[in-house]
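J.: Handing you this structure, nothing more for now.
Each reported figure results from applying straightforward, stated rules to the coordinates on display, with no laboratory input. Since the structure is predicted, the reported quantities are computational estimates derived from the model, not experimental observations. All Cβ positions, even for glycine, are placed from backbone atoms using ideal geometry, and neighbour counts span all protein chains on display.
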Amino acid sequence: MWLKIENLSVSYGMIKALNNISFELKQGEIVTLIGANGAGKTTVLNTISGLIKPNQGTIIFNQKNILNFAAHKIAGLGIAHVPEGRKPFPNLSVYENLRLGAYLSNDKDFITQGLSKVFKSFPRLHERIKQPAGTLSGGELQMLAMARGLVSQPNLLMLDEPSMGLSPILVNEIFNIIKDINSSGTSILLVEQNANMALNIASRAYVLETGKITLEGNACDLLNDPRVKSAYLGE
Amino acid sequence: MAYLLQQIINGLQLGSVYALIALGYTLVYGIIRLINFAHGDVFMIGAYLGFYAILRFNLPFPVALIFAMLGCAVIGIVIEKLAYRPLRNAPRIACLITALGVSLFLENFTSLKFLFGPNYLAYPRPFAVVNYNIGSLTISNIQILVFVIAILLMILLQIFVTKTKTGMAMRAVAYDKSTAQLMGINIDYIITITFGVGSALAGAGGVLFGIAYPQIHPFMGIMPGLKAFVAAVLGGIGIIPGAMLGAGIMGMVEVLTSAYISSTMRDAIAFLVLLIVLLIKPAGLLGKSSIEKV
C-alpha cells in the first residue's frame with residue numbers, strides 16, 4: 001500500500017482527537033474522509049504532514065515510515081497539503097505564493113512547467129499574478145491554495161475542505177478541477193463535510209466520528225448506505 | 001535656516017545608524033515575536049570588531065566593515081542557537097528575560113581585560129576627515145559615508161526580502177509558520193538567516209557609529225539599542241520600512257532637541273515622541289491595528 005496509516009492516536013492535552021484510526025490510499029486513487037465538525041478530519045491531515053506529532057501509530061508513505069519526519073521534510077517527499085481555510089500568505093503576491101509552493105526546487109524549467117500546469121487549471125490566477133493574495137475572493141483563494149500545492153507537482157495532494165464557504169457553482173468547478181488533477185496522475189486525499197460531492201468523485205471513503213473510523217468502503221456503496229444518507233446526506 | 005539644515009544633516013547621520021540597528025529588532029520580532037534585547041550589544045561588538053580590524057590588522061575600511069558584519073552575523077546566529085532555540089516553545093516572558101540575560105552577559109563578559117576591556121577607546125579613523133562647505137553648511141566625508149552605506153545596506157536588505165526566495169520565505173514564516181512548513185520551508189533555517197542578517201546590519205551600524213562618534217566602550221550598545229528599539233516600535237515593529245521611518249524620526253528628534261531645546265532633554269523628548277505616537281497609533285506609524293488570521 002502506498003499511503004498506509006495504522007493505529008494512529010492523537011491527543012490535544014487531555015482531549016483525544018484521534019483514537020486508533022487506520023486507513024490507506026493506493027497510488028492514483030481519490031480517497032475521502034467525511035465526517036462532522038470536530039470529528040478529527042483536519043487532525044488526520046495535519047498529522048500526515050507532520051504539523052502534529054501523534055501519541056502512537058505509524059504513517060507509511062512509499063515504504064517509508066514518515067512519522068518522525070519534520071513537516072518541511074515531508075513536503076519534500078511529494079506530499080502537498082492544502083490546509084483548511086486556504087491559509088494564503090496575504091502579504092505576498094499571487095506569484096510569490098506560488099513560488100513558495102515550489103520552495104524546495106531551484107530548477108527553473110521544473111518551476112515554469114509547474115506554473116504553466118496550474119495556470120491551465122486556474123486561468124484566473126494568471127490574471128491576478130501580481131496582486132497581493134489578500135485581495136483575492138474566497139473562490140480565488142481556494143484556487144490559489146490548490147495551485148500553491150500543485151506547483152511542486154506532488155504525488156499526493158491532501159485537500160482540507162475545499163468546498164468550505166463557496167457557492168454551489170464554485171464548488172462544482174473546484175470538484176471538476178480535483179477530478180482533472182487526479183486523472184493526470186496525482187493521488188488525492190480529500191477531507192470534506194460536503195459528503196455528497198466528496199463521495200461522488202472519490203473511489204473509496206472513510207467516515208470519521210469523534211476520532212474513530214466508523215464506516216469504510218467504496219464511495220458509491222457509502223452513497224447509498226442508509227446510515228450515511230441519514231447522517232451526512234440529509235435524506 | 002542654515003543652522004536648521006545643518007542639524008537635519010546631523011539627524012540623518014544618527015538616524016541612519018539607528019535604522020541599521022532597528023532593522024535587526026524588527027526582522028527578529030517579525031519572525032519569532034521576540035524583542036532581542038541583546039541586539040544593542042551585538043552592535044557594540046560590531047564596533048569593536050571594526051576597531052580591531054582597522055587598528056590591529058590594518059585592514060582597509062571596506063574590508064573592516066565586512067569583517068565586522070560577518071563576525072556579528074556569526075555571533076547573532078550563535079546567540080540564537082544557544083540562548084533562544086531551546087526556548088522555542090517556552091512562554092514569551094522566558095525568552096524576554098533570557099534576552100536581557102544575554103545582553104548583561106555580553107556587556108560584562110566583553111568588559112573583561114582579556115577581551116575588549118572596561119575602558120573607553122578612541123576609534124581609529126580609517127581616513128582623514130574632510131569637511132565640505134556648501135554655503136554656510138558643513139558636511140564631512142564621514143557623514144556622507146555613514147549615510148550612503150546605511151542607505152545602500154537598506155536597499156540590499158529590501159532586495160533580499162522582496163526578490164529572493166529566502167526573502168519570500170522569511171515573509172511567509174513571519175505570517176504563518178505552520179503553512180510555511182507545508183511549503184517545505186525549514187523554520188529553523190529561516191530564523192538562523194534572520195538573526196544573521198539582523199546582526200550583520202547591527203555590526204555595520206557599530207562600525208559606522210564608531211567612525212561618526214569616535215569613542216567606544218562595552219556598554220555603548222545600551223542607549224543606541226534602546227533608541228533603535230523605540231524606533232522600530234515607533235514605525236510599527238515587524239515592518240521593515242517602519243523601522244527605517246522610525247529611526248529617521250528618532251535621529252531627527254534627538255538632534256533637533258539638542259540643538260533647540262537642551263541636550264539633556266534629548267532622550268526624554270525622544271521617548272515622549274514614542275508615547276505620543278503609541279497613544280494615537282498603538283501599532284506604530286505604519287502598523288496595522290490588528291492582523292486578522294482567519
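J.: Compute the length gained on full extension between B:T166 and B:N58: take 0.36 nm times their separation in residues and subtract their Cα-Cα distance, giving the result in nm to one decimal. Before the final figure, lay out each step's value.
T.: Numbers: separation 108, 0.36 × 108 = 38.88 nm, distance 3.49 nm.
Result: 35.4 nm gained on full extension.
J.: Okay, next question. Could you order the peptides A:154-165, B:265-276 from most to least packed, using the average number of other C-beta atoms within 10 Å per residue? The partial results should precede the final answer.
T.: Numbers: A:154-165: 21.2, B:265-276: 15.1.
My ranking of the peptides, most packed first, is A:154-165, B:265-276.
J.: Please report the relative contact order for chain B, taking Cα pairs under 8 Å with a sequence separation of at least 6, and give it as a percent rounded to a whole number. Show your work: numbers first, answer last.
T.: Numbers: 487 pairs, mean separation 106.7, N = 294.
Once normalised by length, the contact order is 36 percent.
J.: Can you compute the modelled spin-label distance between B:V74 and B:L5, with each label point 7 Å from Cα toward Cβ, in nm?
T.: Taking the simple label geometry, B:V74 and B:L5 are separated by 4.6 nm.
J.: Here's another thing I want to ask about it. How high is the relative contact order of chain A? Use alpha-carbon pairs under 8 Å, at least six apart in sequence, and give a whole percent.
T.: Details: 443 pairs, mean separation 64.5, N = 235.
This gives 27 percent for chain A.
J.: Rounded to the nearest 500 deg cm²/dmol, what is the calculated helix-only ellipticity per residue at 222 nm for the protein assembly as shown, with -39500 (n - 2.57) per DSSP H run of length n ≥ 4?
T.: It lands at -17500 deg cm²/dmol.
J.: Let me ask another. Chain A: D in µm²/s via Stokes-Einstein (Kirkwood Rh, Cα pairs, 25 °C, 0.890 mPa s)?
T.: It comes out at roughly 136 µm²/s.
J.: Would you kindly give the portion of the calculated P(r) for chain B that falls above 29 Å, as a percent of all Cα pairs?
T.: Values: 14136 of 43071 pairs.
Of all Cα-Cα distances in chain B, 33 percent exceed 29 Å.
J.: Give the aspartates and glutamates whose C-alpha is closer than 14 Å to that of A:K41, dropping any in the same chain fewer than 8 places away, or say none.
T.: A:E84, A:D160, A:E161, A:E192, A:E209
J.: Please list the equivalent ellipsoid semi-axes of the protein assembly as shown, computed as the square roots of five times the alpha-carbon gyration tensor eigenvalues, in descending order and whole angstrom.
T.: Values: eigenvalues 586, 108, 83 Å².
Whole-Å semi-axes of the equivalent ellipsoid: 54, 23, 20.
J.: Can you find, among A:P154, B:G50, B:I35, the residue sitting farthest towards the positive end of the charge dipole of the protein assembly as shown, where Lys and Arg contribute +1 and Asp and Glu -1 at Cβ?
T.: About the Cα centre, the residue reaching furthest to the positive side is B:G50.
J.: Another question, if that's okay. Can you tell which of B:G205, B:G248, B:G184 shows the greatest fluctuation in a Gaussian network model of chain B with Cα springs below 10 Å?
T.: Highest fluctuation of the listed residues: B:G184.
J.: Let me ask another. Taking a threshold of 30 Å on the Cα-Cα distance, which of the pairs A:K64/A:K212; A:K73/A:K179; A:K130/B:K227; A:K87/A:K120 fall above it?
T.: On the way: A:K64/A:K212 24 Å; A:K73/A:K179 27 Å; A:K130/B:K227 37 Å; A:K87/A:K120 22 Å.
Beyond 30 Å between Cα atoms: A:K130/B:K227.
J.: Also, quick follow-up: Trypsin sites (Lys or Arg not before Pro) within the range B:1-108: which are DSSP loop residues with at most 10 other Cβ atoms inside 10 Å?
T.: Values: sites: B:R33, B:R56, B:K81, B:R88, B:R92; in loops: B:R33, B:R56, B:R88.
Those satisfying the criteria are B:R56.
J.: Run through the range B:1-94 and list the chymotrypsin sites (Phe, Trp or Tyr not before Pro) located in a DSSP loop whose Cβ has at most 13 other Cβ atoms within 10 Å.
T.: Values: sites: B:Y3, B:Y18, B:Y25, B:Y29, B:F37, B:F43, B:Y48, B:F51, B:Y52, B:F57, B:F67, B:Y84; in loops: B:F37, B:F57.
Those that pass, being in a loop and sparsely packed, are B:F57.
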